[in-house]
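The next block holds one structure in the form of structure tokens; read it before the comments.
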Amino acid sequence: MTAATVSTACTTGLRLCAVSLDGDLNSQANPQLKREQAIAIFDLLDKNTFTPVGHGGGPYRLCLALANARLMMTITTDKAEHVTGHHLSLTPVRRLLKDYALVCDSYYDAMARANPERLEAIDTGRRAIHNEAAELLKRRLWSKVAVDADTARRLFTLIHVLLMHSKDYGGRIQGRA
């Protein structure tokens, strides 16, 4: 089942023109997660650097899915020609995903209370986690695909959303299972 598929017209080759999240996703998705997903995909497609190693013929479509505690990335051209697939262990980013989930929960709680100072402090922490995760993701992907920092940040957000939507992984990432 596809949770989200978004496409835009691409005029340059070394970038994403479509992103989809696949897997066994909860149908009762959290509205904040849906919003994060929509914003991340919009921003990602608006501006990204995405260059599969050894391939220069994009633009590219990216499908993210979960399987056996791994993130599966399938990359095709905009004409649906297979470019590469990559399985990425989530173990190295598990702490960052857990921290990010906790910070997001705190952020949503603070929004309900309309405390601007607390929102700003929490958002600073969230950006720091995002930056650390983006650097880690860039290092983990470098042998398969080159991405810039902003692209890596948005991919991390989508990984977070995918995991939180997932019945099997969401609770484990947040430490509830």
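Among the residues of the stretch 98-116, is there at least one that is in a loop (DSSP other than H, G, I, E, B) and free of Cβ contacts under 8 Å to residues at least 60 places away in the same chain? For the stretch 98-116, residues in a loop (DSSP other than H, G, I, E, B) and free of Cβ contacts under 8 Å to residues at least 60 places away in the same chain: present.
One residue stands out among those in the stretch 14-30 that are touching a strand residue (DSSP E or B) at 6+ places or on another chain (Cβ under 7 Å) and assigned to a loop (DSSP other than H, G, I, E, B): the one that is modelled with the lowest pLDDT, which is ASP24. Every test in (1) closer than 22 Å to SER166 by Cα; (2) surrounded by 13 or more Cβ atoms within 10 Å (Cβ to Cβ); (3) modelled with pLDDT of 90 or more is passed by SER89 save one, and that test is (2). If you check ALA101, ALA149 for being touching a His at 6+ places or on another chain (Cβ under 8 Å) and surrounded by 13 or more Cβ atoms within 10 Å (Cβ to Cβ), only one passes: ALA101. Restricting the stretch 139-154 to residues that are in a helix (DSSP H, G or I) and more than 17 Å from THR84 (Cα to Cα), the residue that is farthest from the chain's Cα centre (by Cα) is ARG139. With respect to the conditions (1) in contact with a His (Cβ under 7 Å, 6 or more places away or on another chain); (2) outside any strand (DSSP E or B), ALA38 falls short on a single one, namely (1). Close contacts from the stretch 143-158, counting a first residue that is in contact (Cβ under 8 Å) with a residue 24 or more places away in the chain and a second that is among the hydroxyl-bearing types (Ser, Thr, Tyr), with Cβ to Cβ under 7 Å and a gap of 6+ residues or different chains, come to LYS144/THR84; VAL145/THR51; ALA146/THR51; VAL147/THR49; ASP148/THR49; THR151/THR49.
The values are calculated or read from the model by the stated rules, or taken from the named source; none is laboratory data. Quick caveat: nothing in here was measured; it's all calculated off a predicted structure. For neighbour counting, all protein chains shown are included, and Cβ atoms are generated from backbone atoms with ideal geometry for every residue, glycine included.
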